[in-house]
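Here is the structure we will look at, set down as structure tokens.
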Amino acid sequence: MVLAIDIGNSDIVLGGYENDTLRFTSRCGTDRRKTADEYALLFKGILELYNVSPRQIKGGIVASVVPSLRIIVQQAMERLTHATFLTLAAGRKTGLNIRLDWPTELGNDLVADAVAAVDRYPKPVIIMDLGTATAVLVVDKKGAYLGGMLHPGLRISLEALSVSADQLPSIMLKAPERLIGRNTEECMQAGAVYGCAAMLDGLIDRLEGELGEPATAVITGGFAPLIAPYCRREVVVDENLLLNGLYIIYKKNTPPAAEQPDRIPLVFSAPMWYNQCYK
């Protein structure tokens with residue numbers, strides 16, 4: 001089994017792949033204070049929950065938008081499984097043509113999203129990742145990553161509203177009962193959910209106009225199941241897009257089992273390599 005681990009600002013998502021099939025996924029909170037040993041115990045419990053022994057793990061890959069946790073989680077998994085875990089960093093093979101001014105500024109999570117989308121969906125593709133931030137990515141018909149846009153995520157937006165407006169409470173983010181709210185909580189929920197869906201609909205229209213042709217629209221991220229039903233444009237919900245992208249990248253950077261040495265040296269990025277793309 002191969003593990004793909006995505007370390008986000010709010011959550012860590014783990015997926016187990018066996019024979020190119022995603023067998024399980026698990027989500028836990030991101031805790032910047034935990035040590036490698038503490039994370040090892042946490043992941044041991046998760047594996048046990050899905051009846052997976054650490055000895056079954058042959059390797060894995062870690063992507064992180066929290067720099068301080070990337071090596072900590074990698075060390076935790078290697079101590080637990082005694083297998084090699086790659087980290088997604090500059091210099092890894094992805095096969096993705098990144099057409100940005102500064103390609104290495106592209107987040108690990110977005111690289112994995114784009115790799116999976118290019119592999120699975122008709123191009124061009126518009127990817128909308130609804131997490132701590134709302135990221136919109138654009139891949140053209142040749143599979144090149146053109147760029148995109150970033151927007152405050154749903155939870156951040158609601159928290160900012162509550163903090164900045166004295167009379168607005170903190171509320172639970174959930175599907176609104178109606179479009180036109182009848183109390184403060186309903187108004188905030190409707191604004192967040194319908195507002196996000198309408199924004200995505202409008203962006204798809206504008207981006208297709210910029211591309212000059214229809215595109216496949218894919219929604220992923222923690223809030224994808226909440227928002228997708230309220231979109232008027234046809235969208236594909238792919239909750240495991242990022243994990244699938246990590247697994248594809250893992251296979252591109254790992255020789256076949258018969259060719260693997262007992263231990264693959266770890267590769268770390270360095271400032272002098274920042275002019276390299278994820279290719």
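Going through A160, A165 one at a time, which residue ends up being of a type in the set (A, V, I, L, M), out of contact with any strand residue (DSSP E or B) (no Cβ under 9 Å at 6 or more places or on another chain), surrounded by fewer than 16 Cβ atoms within 10 Å (Cβ to Cβ) and without any contact (Cβ under 8 Å) to a residue 24 or more places away in the chain?
Going through A160, A165 in turn, the sole match is A165.
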- [ ] Only residues that are touching a residue at least 12 places away in the same chain (Cβ under 8 Å), under 20 Å from the mean Cα position of the chain (by Cα) and surrounded by fewer than 21 Cβ atoms within 10 Å (Cβ to Cβ): list them for the range 47-68, please.
- [x] G59, V65, V66, S68
Open item on the list: Checking the condition more than 17 Å from the chain's Cα centre (by Cα), of a type in the set (K, R), assigned to a loop (DSSP other than H, G, I, E, B) and outside the structural domain of T132 (by TED's automatic domain parsing), which residue from R23, R32 passes?
Closed with: R32
Open item on the list: I want to confirm something. Restricting to the range 252-279 and keeping residues that are surrounded by 14 or more Cβ atoms within 10 Å (Cβ to Cβ) and modelled with pLDDT of 50 or more, which single residue is nearest to the chain's Cα centre (by Cα)?
Closed with: N253
- [ ] Hey, can you tell me all the residues within the range 113-155 that are part of a loop (DSSP other than H, G, I, E, B) and either buried (at least 22 other Cβ atoms within 10 Å of the Cβ) or on the phi > 0 side of the Ramachandran plot (or both)?
- [x] P124, G131, G143, G153
TODO: Identify the residue in the range 189-242 that is among the charged types (D, E, K, R) and in a loop (DSSP other than H, G, I, E, B) and, among all such residues, is nearest to the chain's Cα centre (by Cα).
DONE: E239
Task: the range 209-224 residues that are of a type in the set (G, A, S), paired with ones that are part of a loop (DSSP other than H, G, I, E, B) and buried (at least 19 other Cβ atoms within 10 Å of the Cβ) (beta carbon under 6 Å, 6 or more apart) - done: A215/P124; A217/V235; G221/G131; G222/G131
Open item on the list: Just the residues that are touching a strand residue (DSSP E or B) at 6+ places or on another chain (Cβ under 8 Å), without any contact (Cβ under 8 Å) to a residue 60 or more places away in the chain and not in a helix (DSSP H, G or I), please, taken from the range 69-106.
Closed with: A83, R99, L100
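The values are calculated or read from the model by the stated rules, or taken from the named source; none is laboratory data. Not measured: the values here are computed from a predicted model. For neighbour counting, all protein chains shown are included, and Cβ atoms are generated from backbone atoms with ideal geometry for every residue, glycine included.
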